[in-house]
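All remarks here apply to the structure that follows.
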Amino acid sequence: MEPLLEVDQLRVRFRTKGPVKALLEKDEDPFIDGVMGVSFTIHPGQTFGLVGESGSGKTTLARAVMGLVPVQSGAIRFNGKNLIGLKRGQLKPFRRNIALMFQDPAGSLSPRLKIRSILAEPFRIHNMMPDNLPDEIARLLKMVNLSPAMGDLYPHQLSGGQARRVGVARALALSPKLIIADEPTAGLDVSVQGEILNLMARLQDELGVSFLIITHNLAVVRHVSDVAAIMYLGRFLEQGPTQAVFHHMQHPYTQALLSAHASPDPDAVHHRIAITGEIPSLFSRPKGCEFHTRCPRVKDICREQFPKVADRGKAHQYYCHFPLSESVQ
Amino acid sequence: MNRIKEIFFRLRNEPMGIFGLVLVLLVVVCAVFAPFLVTHDPNALDIAHRLGGPSADHWMGTDQLGRDVFSRVVMGSRIAVWVALVTVSLSLGIGLVLGMMAGYGPKWLDSGLLLLFDTLRSFPTIMFALALVTVFGPSLQTVIIVIVATTFPVYGRMVRTQTQALAGNEFIVAEEAMGAGMMRVLGVHILPNIVGPLFIVASMDIPVVITIEAGLSFLGVGVRPPTPSWGAILNDGYAYIRNTPWIIIFGGIPLIVTTLGFTFLGESMRDMFDPKLRKDL
């Protein structure tokens, strides 16, 4: 099947100093890398789960795909067409097909507009006014289980779950092919989290839309995604079908993440692999494999060079010199 | 509409605000109905009764050319209110447009506009006025240009800072992600979130503007005689301050009333909108 989104060796870097200042301070590399050569594909109707700690570059990756941050190198192909290097006007038709859902449910809704006007925004921006706008907005609200009367409220009058559903409705307005959901469950209590995830799953069944879900909640990824990727300091350390990644993990980092996650089964044998410290700063990216500063299986080579990609088949890939399937002394 | 209702409702608990509002209304009514309130033609000379004291016929006396001071003060309110309205709305408009462009546009535009704001703000108002008058000659337009040029950078800087603070918010990024252009982001999403506090600053700027106009007219570089302006009346009275002080006294009272009125109103409005100072929360 033709992939919907194909990201190839995507690299995003940010300038930390102006060119003049860098020259004066003899700083030859005044950049930090937010995303370092990431590749993945999303097929139509698929859900791709992207997991990582805070500061791992998940949101930057999403924003790069949306064309909101400049890309250093690599390719982003949507339906086979490369989006990199397109001008604002040329990018606009693609924006209709890729929608973004934000972390902060209420903060992503314009505070002085009524819900009705917020939902009309996508139509106005793309000059695609439906024949009967009020009906269309009522339909969108119903689709996310909200009453059409909510159209008259302001964002601050909604609860977190309601605001999140308005975000889903807005993302759906122009029937996009891909929805990028940045932390769709953040800041919601568990029952509402479930509601939102079920809503997204239902919409996927009904509309055939693909999701790129960005989260640090492993349960969410395990629950909804077909493909999962583990991100650390701007790189994917392991990616593949969710089942493979969760049950036959190869990277010590994946194992550490999973073991840090509480299991609902009290009888489950719990091997807790503790990793210490926190994710290194982008300003002082460790040499070699970025994870070596916290890895329990670290060896000299890890400090020197980043491992080549290894493949277990079925698109399960990982980057580790000493994967879990091999024993180390 | 609800917001306006809310403002009036809250104003009831602010005696200073009500006092300010009454003074402001007094000046505005005076300016609007000036032709019906005057007792004499404000420019009619009556040399026989020059420098006369307050009397039943001339409530505030007459000036050195025998003109009725009361009628001149009333007509002068028109100039004051007109200058205030025109300059403050022009400054607000220019400040909003340039400030939003600086705050949302590319870095080079921001630097360029900031340079413009700071350059204009660094001119002393009176010196700037004198320079412009030498070039264009004294007139009401010159006064308006001087005031607008020296006040819009203040609004511009304020708007820029507020725009920058808003531009990073998720609802703005959401708009950009949907493909909204700059006009739409600024007009529909940023503007409504910054005008509120701006209007309060504007209302507190009105007395400042009126005083600048009076000051320029007093110096003779503002409104041309014989047009009655409060500053011109003060200038007329200044020469006779020892013998006939009523001209300068009655010329000064409306300035005091206007300044107090707008300052009280503006300050209590600011207090009402500042959540930290709100008593009812």
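The values are calculated or read from the model by the stated rules, or taken from the named source; none is laboratory data. Just so we're clear, the structure is a prediction, and the values are computed from it rather than from any experiment. Methodologically, a virtual Cβ is constructed for each residue, glycine included, from the backbone with ideal geometry; neighbour enumeration extends over all protein chains shown. Please note that ligands, DNA and RNA were not included when accessible areas were found on the heavy atoms of the full protein model with its side chains. Shrake-Rupley method; radii C 1.70, N 1.55, O 1.52, S 1.80 Å.
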(message) Please report the antiparallel percentage of the DSSP beta bridges confined to chain A, to the nearest 5.
(response) 60
(message) As an exercise, use a Förster radius of 30 Å and the Cβ-Cβ distance of A:Ile32 and A:Phe246 to find the FRET efficiency, rounded to the nearest 0.05.
(response) 0.45
(message) Taking the Cα centroid of segment A:56-123 and of segment A:285-309, what is the distance between the two, rounded to the nearest whole Å?
(response) 34
(message) Give me the dipole magnitude in Debye, nearest 20, for chain A about the Cα centre, with unit charges on the beta carbon: positive for Lys and Arg, negative for Asp and Glu.
(response) 940
(message) What figure, in Å² to the nearest 10, do you get for the accessible area of A:Asp189 with a 1.4 Å probe and non-protein molecules left out?
(response) 90
(request) Springs between alpha-carbon atoms under 10 Å, Gaussian network over chain A: tell me which of A:Met200, A:Met101, A:Met128 tops the mean-square fluctuations. (result) A:Met128
(request) Provide Rg and Dmax in Å for segment A:105-183, with only Cα atoms included in the calculation. (result) 11.6, 34
(message) Just to be sure I understand the model, the point goes 7 Å from the Cα along the line to the Cβ. What's the resulting B:Met182 to B:Ser111 distance in nm?
(response) 1.7
(request) Could you tell me the total accessible area buried at the B-A interface, probe 1.4 Å, in square angstrom to the nearest hundred? (result) 1700
(request) Please compute P(r) over all alpha-carbon pairs of segment B:67-125, binned at 10 Å starting from zero, and give each bin as a whole-number percent. (result) 20, 31, 23, 14, 9, 3
(request) Would you please calculate the Kirkwood hydrodynamic radius of the protein assembly as shown over all C-alpha pairs and express it in Å, rounded to one decimal? (result) 29.3
(request) Give the accessible area for A:Lys17 in Å² (nearest 10); use a 1.4 Å probe, count only protein heavy atoms, and leave out ligands, DNA and RNA. (result) 50
(message) Give me the three principal axis extents of chain B from the C-alpha atoms, as integers in angstrom, largest value leading.
(response) 77, 49, 29
(message) Can you tell me what share of the DSSP beta bridges in segment A:74-229 is antiparallel? A percent to the nearest 5 is fine.
(response) 20
(message) Given segment A:160-240, report the % of alpha carbon pairs whose separation exceeds 17 Å.
(response) 46
(message) Between 0 and 90 degrees, rounded to the nearest ten: what's the tilt of helix A:88-97 against the longest Cα principal axis of chain A?
(response) 80
(message) How far apart, in nanometres, would the label points at B:Val22 and A:Gln90 be if each is projected 7 angstrom from Cα along the Cα-to-Cβ direction?
(response) 6.9
(message) List, by residue number, every residue in segment B:172-188 with a reduction of 20 Å² or greater in accessible area between the chain on its own and the complete protein assembly, 1.4 Å probe.
(response) B:Val173, B:Ala174, B:Glu175, B:Glu176, B:Ala177, B:Met178, B:Gly179, B:Ala180, B:Arg184, B:Val188
(request) Run down the lysines and flag those whose C-alpha is under 16 Å from the C-alpha of A:Lys142, throwing out any fewer than 8 positions away in its chain. (result) none
(message) Net charge around A:Met143, counting only other residues with Cβ within less than 12 Å of its Cβ (Lys, Arg = +1; Asp, Glu = -1)?
(response) +3
(request) Divide the volume of the convex hull of the Cα atoms of segment A:5-318 by its number of residues and quote the answer in cubic angstrom per residue. (result) 162
(message) Per-residue counts of other Cβ atoms within 10 Å, averaged by peptide: what ranking do you get for A:276-285, A:229-238, B:57-66, highest first?
(response) A:229-238, B:57-66, A:276-285
(message) Give me the percent relative contact order of chain A, please, defined on Cα pairs under 8 angstrom at least 6 residues apart.
(response) 19
(request) Using the Cα centre as the reference, give the magnitude of the dipole from point charges on the C-beta atoms of chain B (Lys, Arg: +1; Asp, Glu: -1; all else neutral), rounded to the nearest 20 debye. (result) 160
(request) List, largest first, the extents of the alpha carbons of segment B:73-184 along their principal axes, each in whole Å. (result) 56, 30, 18
(request) In a Gaussian network model over chain A where Cα atoms closer than 10 Å are linked, find which of A:Ser191, A:Ser259, A:Ser117 has the largest mean-square fluctuation. (result) A:Ser191
(message) Heavy atoms of the protein only, probe of 1.4 Å, neighbouring chains included. What is the accessible area of A:Ser110 in Å², nearest 10?
(response) 10
(message) Positive end of the dipole of segment A:5-318, charges at C-beta (+1 Lys, Arg; -1 Asp, Glu), about the Cα centre: which of A:Val227, A:Leu188, A:Ile76 has its Cα farthest in that direction?
(response) A:Ile76
(message) Multiplying the sequence separation of A:Gln157 and A:Asp8 by 0.36 nm and subtracting their Cα-Cα distance, what value in nm do you get?
(response) 49.4 nm
(request) Kindly provide the helix-only [θ] at 222 nm of the protein assembly as shown, computed as the sum of -39,500 (n - 2.57) over DSSP H runs of four or more divided by all residues, to the nearest 500 deg cm²/dmol? (result) -16000 deg cm²/dmol
(message) Leaving ligands and nucleic acids out of the surface, order B:Met272, A:Met1, B:Met127 by accessible area at 1.4 Å, largest first.
(response) A:Met1, B:Met127, B:Met272
(message) For the full complex of protein chains and a 1.4 angstrom probe, list B:Leu90, B:Leu11 by accessible area with the highest value first.
(response) B:Leu90, B:Leu11
(request) Go through B:Leu109, B:Pro207, B:Pro42 and say which Cα lies farthest out towards the positive end of the charge dipole of chain B; charges sit on Cβ, +1 for Lys and Arg, -1 for Asp and Glu. (result) B:Leu109
(message) So if I place +1 on the C-beta of Lys and Arg and -1 on the C-beta of Asp and Glu, and nothing else carries charge, what would the dipole magnitude of segment B:1-118 be about its Cα centre? I want it in debye, nearest 20.
(response) 380
(request) State, to one decimal in nm, how far the label point of B:Met127 lies from the label point of B:Ile241, with both points 7 Å from Cα in the Cβ direction. (result) 2.5
(message) Using only the heavy atoms of the protein chains and a 1.4 Å probe, how would A:His316, A:His43 rank by accessible area, largest first?
(response) A:His43, A:His316
(request) In whole angstrom, note down how far apart the Cα centers of segment A:10-50 and segment B:18-39 are. (result) 63
(request) Express the C-alpha Rg of segment A:1-68 as a ratio against the empirical globular expectation 2.2 N^0.38 Å, rounded to two decimals. (result) 1.44
(request) Report in % the part of the accessible area of chain A that belongs to carbon and sulfur, leaving out ligands and nucleic acids; probe 1.4 Å. (result) 51
